[in-house]
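Input: a single structure, listed below in structure tokens.
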Amino acid sequence: MHSNWDKIIGQQRVKNTLQTAIRHQRLSHAYLFWGNVGVGKDALAIEFARTLLCNNHGESSCGECSNCKKMETLQHSNLKLIFPLPGGDNEKQDDSDSMETDVVEEVRKQIGEKALNPYFHIDIPKAKFIRIKTIREVKKESSMSSAELGKKIFIIFDADLMNDASANSLLKVLEELLREYIFCLFRRGKKL
């Protein structure tokens, strides 16, 4: 029988660890995935999220329920993808409420590519760091109830690109978290 975990190349020890946590309902509120570029950290976190959001509530996702269908496009309302976005070098410029249309379109395009290929790296042009505004939005969302039942999962790509203000704000979020929230953070290692 095929499993959604079969999409992950290698990483058997990590897959087993995550599946055991799911099986015994001993999930942490945050996971740090660290390693070389291209080893599948992103793909692993996406499959972990897919499994946790599945209506089947097993060690693998069913691939058939409405939640699994939403995860096929990474458009589940309980899944938030956080990654570096373009913005000014100082926090004053960071407070703008909207992104330019071409940036929004690029974000949509790259998330679509990530949905098709979990090994695809989201890399928005001119994005230097994860902005404080983004982490403030995460903080706000983590304090609100979900539109759908189940866990709310935040996947933070390239967490090493948070500036000091963003990192400090995220630490406060992690200290105050409730059980229904799970954060997966990525830190890049050296290129292979």
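The values are calculated or read from the model by the stated rules, or taken from the named source; none is laboratory data. The model shown is predicted, which means the values in this text are computed figures rather than measured ones. A quick note on method: Cβ atoms are made from the backbone with ideal geometry, for glycine too, and the neighbour counts reach across all protein chains shown. The protein model used for the area step is the full one, side chains on, heavy atoms only, and it has no ligands, DNA or RNA in it. Shrake-Rupley method; radii C 1.70, N 1.55, O 1.52, S 1.80 Å.
Tally up the carbon and sulfur contribution to the accessible surface of the chain as a whole percent, 1.4 Å probe, everything protein left in place.
Values: 5700 of 11060 Å².
Answer for the chain is 52 percent, counting heavy atoms of protein chains only.
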### Message
On a 1.4 Å probe surface of the protein chains, which of ARG136, ARG131 comes out largest in accessible area, and what is the full order?
### Response
ARG136, ARG131
### Query
How big is the chain by the Kirkwood estimate over distinct Cα pairs, in Å?
17.2
#### Entry: Links that overshoot a 19 Å alpha carbon limit, given the list LYS7/LYS41; LYS128/LYS152; LYS41/LYS133; LYS7/LYS114
LYS128/LYS152; LYS41/LYS133
### Task
Take the chain, connect every pair of alpha-carbon atoms lying under 10 Å apart with a spring to form a Gaussian network, then pick out the residue of ALA43, ALA147, ALA167 with the largest mean-square fluctuation.
ALA147
### Task
Using label points projected 7 Å from each Cα along Cα→Cβ, tell me how many nm separate LYS139 and SER3, to one decimal.
3.9
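Determine the calculated [θ] at 222 nm for the chain from helices alone, applying -39500 (n - 2.57) to every DSSP H run no shorter than 4 residues and normalising by the residue count; nearest 500 deg cm²/dmol. Don't jump to the answer; show the numbers that get you there.
Numbers: 6 runs with 70 residues, N = 192.
The helix contribution divided over the chain gives -11000 deg cm²/dmol.
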### Message
At a 10 angstrom cut-off on C-beta neighbours, averaged per residue, how do the peptides 53-63, 7-17 rank from highest to lowest?
### Response
53-63, 7-17
### Query
Using the Karplus equation 6.51 cos²θ - 1.76 cosθ + 1.60 (θ = phi - 60°), what ³J(HN,Hα) coupling, rounded to whole Hz, does each residue of the stretch 103-109 give in order, writing x for Gly and Pro?
6, 4, 5, 5, 4, 4, 4
### Message
What do you get for the angle between helix 12-23 and the principal long axis of the chain? Use alpha-carbon atoms, 0 to 90 degrees, nearest ten.
### Response
80
### Task
Return the Rg/Rh value of the stretch 1-70, two decimal places, where both radii are evaluated on C-alpha atoms and Rh is the Kirkwood radius.
0.94
### Query
Whose amide H sits under 5 Å from the amide H of LEU185, counting only residues 5 or more places off or on another chain, with H placed in the peptide plane?
TYR31, LEU32, PHE33, ILE156
